[in-house]
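S.K.: Just dropping this structure here.
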Amino acid sequence: MKLNITIPTSLKDITLRQYKKFLKIEKETKDDRFLNAKMIETFCNIPLDKVLNLKVNDSNEIISTISKLFDGKPSLVTSFKMNGTEYGFHPQLDDLTFGEYIDLDTFIGDWDNMEKAMNVLYRPILVKLKNKYSIENYRVETAEDILDMPMNAVMSSIFFLWNLGLDLSETMMNSLDNQEMPQEALTAFLNSQANGDGIKVSFQDSLKEILGDLKISLN
């Protein structure tokens, strides 16, 4: 029986929902062969019994193809379409509200709740004119709506924030048309000191750990 398999050719073809599902499986199993089978099942959307009937050479090629997708240093994905709606990366990070910052700082290091961090960074676009756009106000309750966002946007935003923290001494992006960002605002955003309001001091450490999970080299 011939089996048609759609193999993801880029991270645009993999959703945050799928990646979270695979991470959960990865944490629960020590069997590499079973994990590889679940990788194909999860990212190619085919039943496990069909995966087990694949030829060894074919399954190895699929596993290699998928694994390589997570290599590299992606450029920031500023917008993507999901379920008929265009989402845009927050155009002015130094304008984050206190509540937005707390949610971003809290969940950026937690794969179980990564959609809550992405819900801060990416919002439906309201008005767009060339490279400029405005996004919806932040709503905590829409976090689950973003689970189907592409992994290239997830990875690129995490890598972007990491680089942002490493390059505080340089002229940085204040908006998507490359205006200058006040260093004081950016420094406060990435390196807030602990206080009674519970803001964490481990933002960059969380990003480093996340990048390690994604197997992205920092060098």
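S.K.: Could you tell me which residue of region 34-52 is surrounded by the fewest Cβ atoms within 10 Å (Cβ to Cβ), considering only residues that are aliphatic (A, V, I, L, M) and under 23 Å from the mean Cα position of the chain (by Cα)?
M.R.: Checking each candidate, the answer is Leu35.
S.K.: Would you tally the residues in region 77-105 being touching a helix residue (DSSP H, G or I) at 6+ places or on another chain (Cβ under 8 Å) and more than 15 Å from Thr142 (Cβ to Cβ)?
M.R.: 8
So that you can scan it fast, the table gives a plain yes or no per residue for (1) acidic (Asp, Glu); (2) within 24 Å of the chain's Cα centre (by Cα); (3) under 30 Å from Val120 (Cα atoms); (4) surrounded by 14 or more Cβ atoms within 10 Å (Cβ to Cβ):
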site	(1), (2), (3), (4)
Phe22	no, yes, yes, yes
Asp32	yes, no, no, no
Leu54	no, no, no, yes
Asn57	no, no, no, no
Ser79	no, yes, yes, yes
Met82	no, yes, yes, yes
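To keep it simple, each residue is scored yes or no on (1) at pLDDT 50 or above; (2) assigned to a loop (DSSP other than H, G, I, E, B); (3) more than 19 Å from the chain's Cα centre (by Cα); (4) not aliphatic (A, V, I, L, M).
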| residue | (1), (2), (3), (4) |
| --- | --- |
| Val120 | yes, no, no, no |
| Ile125 | yes, no, no, no |
| Thr142 | yes, no, no, yes |
| Asp145 | yes, no, no, yes |
| Val201 | no, yes, yes, no |
| Ser206 | yes, no, no, yes |
| Leu211 | yes, no, no, no |
| Leu218 | no, yes, no, no |
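S.K.: Please give the number of the condition Thr42 fails out of (1) of a type in the set (Ser, Thr, Tyr); (2) modelled with pLDDT of 90 or more; (3) out of contact with any Lys or Arg (no Cβ under 6 Å at 6 or more places or on another chain).
M.R.: Every condition holds for Thr42 apart from (3).
S.K.: Yes or no: Thr42 within 16 Å of Leu16 (Cα to Cα), assigned to a helix (DSSP H, G or I), among the hydroxyl-bearing types (Ser, Thr, Tyr) and touching a residue at least 24 places away in the same chain (Cβ under 8 Å)?
M.R.: yes
S.K.: Let me ask you something else. Hey, any hits in region 86-106 for a residue that's surrounded by fewer than 17 Cβ atoms within 10 Å (Cβ to Cβ), part of a strand (DSSP E or B), in the same structural domain as Thr142 (by TED's automatic domain parsing) and among the charged types (D, E, K, R)?
M.R.: Yes - at least one qualifying residue is present in region 86-106.
S.K.: Against the condition closer than 17 Å to Met155 by Cα, in contact (Cβ under 8 Å) with a residue 60 or more places away in the chain and not in a strand (DSSP E or B), how does Val77 come out, does it pass?
M.R.: yes
S.K.: Output the residue which, of all residues in region 148-163 that are touching a residue at least 40 places away in the same chain (Cβ under 8 Å) and over 10 Å from the mean Cα position of the chain (by Cα), is farthest from Asn83 (Cα to Cα).
M.R.: Top of the filtered list is Trp162.
S.K.: Out of Glu61, Glu26, which single residue is part of a helix (DSSP H, G or I), free of Cβ contacts under 8 Å to residues at least 24 places away in the same chain and in contact with a helix residue (DSSP H, G or I) (Cβ under 9 Å, 6 or more places away or on another chain)?
M.R.: Glu26
S.K.: Also: For region 119-158: of the residues being basic (Lys, Arg) and under 25 Å from Lys73 (Cα atoms), which is surrounded by the most Cβ atoms within 10 Å (Cβ to Cβ)?
M.R.: Going through the qualifying residues, I end up with Arg123.
S.K.: Now, a different point. Quick one: Leu35 ticks every box in (1) touching a Leu at 6+ places or on another chain (Cβ under 9 Å); (2) without any contact (Cβ under 8 Å) to a residue 12 or more places away in the chain bar one, so which box is it?
M.R.: Of everything listed in (1) touching a Leu at 6+ places or on another chain (Cβ under 9 Å); (2) without any contact (Cβ under 8 Å) to a residue 12 or more places away in the chain, Leu35 misses just condition (1).
The values are calculated or read from the model by the stated rules, or taken from the named source; none is laboratory data. None of these values were measured; they are calculated from a predicted model. A quick note on method: Cβ atoms are made from the backbone with ideal geometry, for glycine too, and the neighbour counts reach across all protein chains shown.
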